[in-house]
Amino acid sequence: DLRLLGIARTLRYLPLREDLFARIGGGMNAQKRAIEGLGPGEVLVMEARGDATAGTIGDILALRAQVRGAAGIITDGGLRDSAAVTVLDIPTYHGGAHPSVLGRRHVPWETDTVIACGGATVAPGDILVGDADGVVVLPPELAADVAADAAEQERQERFVAARVAAGEPI
């Protein structure tokens, strides 16, 4: 039932380096600025280098994103408080559940820059479409053509499915 449609806002984490985390990891760090900068229909997309051995977001910040009207959360890193996040009304895609806090593996570094998440390049402003199977990243200039092609593909698949349901071979 997971459904996602929104515009990308990005956050990049660097591998933990204690001096950097001590200097910029606390207070209103890049993670908190990204959450507070989210608007209705926007999706927070986080690059954590595919490292899911510590959370990149938990229930409190996910709730804050939801309250701000965000359309979703995506991270290739870990998710803390996964049971609590799952019951929120915000689609959340993650690399795996993990109880450890952010500062165990990640330094929140920068926002609103081109990142890599889950093997895909994501730029701020890209369109994100997701369901229970995963997420697709669309550059805005391709959206109209992809939507038209997708509508035609769906029409053809409904036609074939109806014929198969009626007992006809493929």
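Brief remarks follow.
- Filter pass, LEU88 being without any contact (Cβ under 8 Å) to a residue 60 or more places away in the chain, within 23 Å of LEU38 (Cα to Cα) and either open to solvent by 80 Å² or more (accessible area, probe 1.4 Å) or not in a strand (DSSP E or B) (or both): yes
- With respect to (1) in contact with a helix residue (DSSP H, G or I) (Cβ under 7 Å, 6 or more places away or on another chain); (2) not in a helix (DSSP H, G or I), the lone exception for SER100 is condition (1).
Residue-wise test of (1) at pLDDT below 95; (2) assigned to a loop (DSSP other than H, G, I, E, B); (3) under 21 Å from ALA132 (Cβ atoms).
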site: LEU2; (1), (2), (3): yes, yes, yes
site: LEU14; (1), (2), (3): no, no, no
site: LYS32; (1), (2), (3): no, no, no
site: GLU36; (1), (2), (3): no, no, no
site: MET46; (1), (2), (3): no, no, yes
site: ARG49; (1), (2), (3): no, yes, no
site: ILE60; (1), (2), (3): no, no, no
site: ILE74; (1), (2), (3): no, no, yes
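- Selected residue [out of contact with any Leu (no Cβ under 7 Å at 6 or more places or on another chain), modelled with pLDDT of 95 or more, closer than 22 Å to THR121 by Cα and part of a strand (DSSP E or B)] from THR10, THR56: THR10
- Residues satisfying the stated conditions in the range 89-114, i.e. under 19 Å from ILE60 (Cβ atoms) and small (Gly, Ala, Ser): ALA97, SER100, GLY103
- Residue in the range 117-135 that is on the phi < 0 side of the Ramachandran plot, over 19 Å from the mean Cα position of the chain (by Cα), open to solvent by 30 Å² or more (accessible area, probe 1.4 Å) and not aliphatic (A, V, I, L, M) present: no
So that you can scan it fast, the table gives a plain yes or no per residue for (1) farther than 30 Å from ARG17 by Cβ; (2) of a type in the set (Asp, Glu):
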{"site": "GLY118", "(1), (2)": "no, no"}
{"site": "THR121", "(1), (2)": "no, no"}
{"site": "ALA132", "(1), (2)": "yes, no"}
{"site": "PRO139", "(1), (2)": "yes, no"}
{"site": "ASP145", "(1), (2)": "yes, yes"}
{"site": "GLU157", "(1), (2)": "yes, yes"}
{"site": "ALA161", "(1), (2)": "yes, no"}
{"site": "PRO169", "(1), (2)": "yes, no"}
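- Of all residues in the range 155-170, those that are of a type outside the set (Asp, Glu) and open to solvent by 70 Å² or more (accessible area, probe 1.4 Å) have Cβ atoms under 9 Å from Cβ atoms of residues that are at pLDDT 95 or above and part of a helix (DSSP H, G or I), 6 or more apart or on another chain, in PRO169/ARG163; ILE170/VAL160; ILE170/ARG163; ILE170/VAL164.
The values are calculated or read from the model by the stated rules, or taken from the named source; none is laboratory data. Since we're looking at a predicted model, the values are computed, not measured. No Cβ is skipped: glycine too gets one built from the backbone with ideal geometry, and neighbour counts run over all protein chains shown. Only protein heavy atoms, including side chains, enter the accessible area calculation; ligands, DNA and RNA are left aside. Shrake-Rupley method; radii C 1.70, N 1.55, O 1.52, S 1.80 Å.
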